[in-house]
Amino acid sequence: MMNWPLVCRSLTSLLACCAVGVVCPARLQSDEIDLNRFFADHCVKCHGAVKQEADRRLDTLSFDLSDNNALANWQDVLDQLNLGDMPPPTEPRPDIVKLSSVLAEITNRIEQAQSADRDRRTETSLRRLNRREYLNTIRDLFGFDMTMFDPTIGFPDDAIESGFDNQGETLVTSSYLLEKYLDAAEKIIDKAIVVGSQPQPSLVRMRPPFDRTTNAHSGWVTQERRETNEFQSIFQGTKERFGYRPLDDMAEGVPVDGFYEVRIKACGLHRKHAYPIELIGTDVEEPIRLALTSGSQAFGTLHLRQSIESTLAEFNLPDNEPSWMETRIWLDQGFQPRLTYPNGPYFFKSLPHVIHRKFPGKFPIKLVYSNWWEVCQNIKTPQIRVYEVELEGPFFDQWPPLSHVAIFGDRPFSEDRTAEIIERFASRAFRRPLRQHELDSLLNLVQLRRESGEDPLAALKSGLAAVLCSPGFLYLEDSPKTASNKLDDFAVASRLSYFLWSSMPDQELLDLAKQGQLSDPLELQAQTRRMLQDSKATSFSADFADRWLTLYKLGEMPPDSNAFQHYYVGELETAMRQETHLFFGHLLANNMDILNFIDSDFTFVNRPLAHHYQFDIEAFDRHFAQQTPSNGFVKMPITDAKRGGLLGQASILTVTANGIDTSPVIRGAWVLEKILGASTPPPPEGIEPLEPDTRGSVSIRDQLEKHRDVPTCAQCHRKIDPIGFALESFDAIGGQRSHYASGKTTLKIDTSGQLPTGEPFNDIADVKTILLTRKRQFAHCLVEKMVSYSIGRPLTIHDRPDVDRLVDRLTKQNGGLQDLVLSIVTCDPFLSR
């Protein structure tokens, strides 16, 4: 039997030779090719007047390729024929010679149309900073630590286009958002400017009980205060309601922003407990960890999770014997370090009852809610004892701080410096030299404030706040339009930095822009390599991966806490996302083949994720000892063929589930869109998901087979469902399974199937093997996503030649992920408006 997809890919290679002038007998003149006859013979049955599967009708397709819609439709026809997806396997195949002639003819016509319309590329809309870019820019403009400072609270959500939140056309600016920009600007400027001398450090010593307020409110551990003042215990994990221990002696938080030294005397107790891990949820081989988590009364009750909080430090505690630990942390004014137990027991409130039920008579205790301290001591669950806390500060790396110097330089403020300060600050904020009319407008505002009675500093603050509300700050790439439609060097600097750093250009990039050197492709690529080595490039690995792979939705449908307790105990949501970020960053930094996204022999895990993947924990411990772990993550080899690549990563498998169960449709559609670049239209009007009669169905496979009996559903589901079935070996959080479980019944999972192009498979490992042969198709998908992300707009049919050139370079030269980035930053769409 002929391998039809292989034949079509061979023809694609043949046509690529034709495109560069190689003699090809199949390249016939248009009057020798009857495209209408070809479509009538092979396509119109499903895409004609009577039936239009996938909303495609080819019998009326216009041959006027100067029309953008017609050009896009013809490109789609060519893609489907090249991929071998059409005609489907159930229909007669066209003669190979005839097909090659048709492919050559369509390719020729599209190339001629693109060549004639080379100047019709869509311009990128004037694009404002999205919320993430705004925060990063404020961070780098002022040198702020942003972990506890978010001036964008209350901003409306950024609109999303095809998964991306940086597309110019959708980033509208409403009057409400303008009001928020003004409020934020005032907060930022007030925070940046310091008045007075450097604050001197002081020492606060705190003794237990540190958290008296929570005890009083909850009725917990009242006997603890009566029985001992030697220590205070933490019995439960951070996810629990009372999972935070605030320091009541610092209820108002620290008095000023700065670094603070924290010393804590503590130990862990009962780490190697006698209970099953599924009951307690803690790993007996993992050290008990004490974390410092930021908290402020401005954001709610201190013993509960807050909208703005971050882990400031973590300690692995010694068992049984208390010892001193110390760290240096940054705290914003009004914040304090709360004590937490990040890997502590979950579902703690019901735990004593469960233990009493499962271990009757083992512990002579009476389960009384008002006597939790005695309960917890008797049942000997893992816990932390904290004996003493000291906090000393503030300390500063320099005074005045960076934010103040960013505005005033190394000289004190005087009114005669106003114009100089405004011009220098606005030029940095606008990421280009300030224009004279912009300076005049800002100075006029300062003068009006002075005339209204404000003092010189207050008036200057108004001018500085106006800079942060100006189009030059809020919008990108507002360079003057030229006949060539090319960006000037300053606009290129901004586009490059927001692509790789999601933030403003640094001084080196701006200096090169001033010298006109960023128009040199070699210099541009050299700067790209430099920027990718900077720690800020983690923004690219995280932000692009989140948007391409829809990881920004991770957590929107939290997994069932009864069925997936370890998801919460091990903080797997954070670990899953971090695994994918580290994986992407590793491929980028090491310029590895993009096919690693399809299948790889390694990944990055921390201990809870290693448990989740059923990795050899002794092997994990060896790698942990040999490597320099990043936040507890190590690079681990993969021996299970199902687990390698993106399709085996729990982040992908969780975000494509609903928190309770899995859907082959959702997962299959995700693979088509994110890996193969094929869009999946919504169900036809009037057709609800799985709405056909499913009486008598036993499994999801049975249900979907009945669903495919509906003619309007069959076309899409024959592409979507097979890959989705292969992924059914993973549950709703990416754990491996072999059976469906429903109550007391189980049903063996069938992961076998056949792709629309005819290749059979037994499981996801086989599917990945097939996908590895489709490097060009995956490369095309990845290139389109990354170019769109880099320029801040959706691609159009007129970008297709540039995309094809990038794909050719990547696939023919066996380039890696970093090679792709270097090619993108020198391509026409990236350097054009």
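The values are calculated or read from the model by the stated rules, or taken from the named source; none is laboratory data. On a predicted model such as this, the values are computed, not experimentally measured, just so you know. Ideal geometry is used to build each Cβ from the backbone, glycine not excepted, and the neighbour counts take in all protein chains shown. Each accessible area value is taken on the protein alone, full model and side chains, heavy atoms only, with ligands, DNA and RNA left out. Shrake-Rupley method; radii C 1.70, N 1.55, O 1.52, S 1.80 Å.
Quick look at the values:
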item	result
Test: residue 11 is in contact with a helix residue (DSSP H, G or I) (Cβ under 6 Å, 6 or more places away or on another chain), over 19 Å from residue 797 (Cβ atoms), open to solvent by less than 50 Å² (accessible area, probe 1.4 Å) and modelled with pLDDT under 70	yes
The stretch 161-194, residues that are open to solvent by less than 10 Å² (accessible area, probe 1.4 Å), in contact with a strand residue (DSSP E or B) (Cβ under 7 Å, 6 or more places away or on another chain) and without any contact (Cβ under 8 Å) to a residue 60 or more places away in the chain	171
Criterion (of a type in the set (Gly, Ala, Ser), touching a Pro at 6+ places or on another chain (Cβ under 9 Å) and farther than 16 Å from residue 730 by Cβ) met by exactly one of 589, 619	619
Evaluation of residue 636 against (1) touching a strand residue (DSSP E or B) at 6+ places or on another chain (Cβ under 6 Å); (2) at pLDDT below 95; (3) open to solvent by less than 50 Å² (accessible area, probe 1.4 Å) (one fails), failing number	(2)
Subset of the stretch 234-286 (residues that are open to solvent by 20 Å² or more (accessible area, probe 1.4 Å), among the aliphatic types (A, V, I, L, M) and modelled with pLDDT under 90)	274, 277, 279, 284
Top-ranked residue of the stretch 15-54 - restricted to ones that are modelled with pLDDT of 70 or more, of a type in the set (Asp, Glu) and surrounded by fewer than 16 Cβ atoms within 10 Å (Cβ to Cβ), ranked as farthest from residue 104 (Cα to Cα)	41
Test: residue in the stretch 722-737 that is assigned to a strand (DSSP E or B), buried (at least 22 other Cβ atoms within 10 Å of the Cβ) and either in contact with a Ser or Thr (Cβ under 8 Å, 6 or more places away or on another chain) or not acidic (Asp, Glu) (or both)	yes
Selection status of residue 503, closer than 23 Å to residue 581 by Cα, at pLDDT 95 or above and touching a helix residue (DSSP H, G or I) at 6+ places or on another chain (Cβ under 9 Å)	yes
Qualifying positions in the stretch 287-309 - within 28 Å of the chain's Cα centre (by Cα) and open to solvent by less than 30 Å² (accessible area, probe 1.4 Å)	290, 291, 292, 293, 294, 295, 296, 306, 308
Matching residues, the stretch 563-604, being β-branched (Val, Ile, Thr), farther than 30 Å from residue 809 by Cβ and buried (at least 22 other Cβ atoms within 10 Å of the Cβ)	569
In the stretch 310-339, the residues that are within 28 Å of the chain's Cα centre (by Cα), open to solvent by 50 Å² or more (accessible area, probe 1.4 Å) and within 16 Å of residue 237 (Cα to Cα)	311, 314
Unmet requirement for residue 795, which otherwise passes all of (1) under 30 Å from residue 167 (Cα atoms); (2) without any contact (Cβ under 8 Å) to a residue 40 or more places away in the chain; (3) touching a strand residue (DSSP E or B) at 6+ places or on another chain (Cβ under 6 Å)	(3)
Cβ pairs under 7 Å, 6+ apart, first in the stretch 568-595 and more than 30 Å from residue 819 (Cβ to Cβ), second among the basic types (Lys, Arg) and open to solvent by 10 Å² or more (accessible area, probe 1.4 Å)	568/239
Filtered residues of the stretch 600-629 (kept if polar (S, T, N, Q) and touching a Gly at 6+ places or on another chain (Cβ under 6 Å))	600, 606
Given (1) closer than 24 Å to residue 324 by Cβ; (2) open to solvent by less than 10 Å² (accessible area, probe 1.4 Å); (3) modelled with pLDDT under 90, index of the condition residue 215 fails	(1)
Residue match in the stretch 703-711 (condition: modelled with pLDDT under 95 and buried (at least 20 other Cβ atoms within 10 Å of the Cβ))	yes
Test: residue in the stretch 120-143 that is surrounded by 15 or more Cβ atoms within 10 Å (Cβ to Cβ), β-branched (Val, Ile, Thr) and over 24 Å from residue 426 (Cβ atoms)	yes
Residue tally, condition of a type in the set (D, E, K, R), open to solvent by 30 Å² or more (accessible area, probe 1.4 Å) and closer than 22 Å to residue 757 by Cβ, over the stretch 639-673	2
Cross-chain or 6+ apart pairs with Cβ under 7 Å, the stretch 483-499 first and in contact (Cβ under 8 Å) with a residue 24 or more places away in the chain and of a type in the set (D, E, K, R), then surrounded by fewer than 22 Cβ atoms within 10 Å (Cβ to Cβ) and part of a helix (DSSP H, G or I)	486/831; 489/519; 495/830
Residue within the stretch 794-808 that is modelled with pLDDT under 95, in a loop (DSSP other than H, G, I, E, B), surrounded by fewer than 20 Cβ atoms within 10 Å (Cβ to Cβ) and of a type in the set (Ser, Thr, Tyr) present	yes
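Conditions tested, residue by residue: (1) assigned to a helix (DSSP H, G or I); (2) more than 28 Å from residue 165 (Cβ to Cβ); (3) of a type outside the set (Ser, Thr, Tyr).
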{"site": "544", "(1), (2), (3)": "yes, no, yes"}
{"site": "547", "(1), (2), (3)": "yes, no, yes"}
{"site": "555", "(1), (2), (3)": "no, no, yes"}
{"site": "579", "(1), (2), (3)": "yes, no, yes"}
{"site": "584", "(1), (2), (3)": "yes, no, yes"}
{"site": "600", "(1), (2), (3)": "no, no, no"}
{"site": "610", "(1), (2), (3)": "yes, yes, yes"}
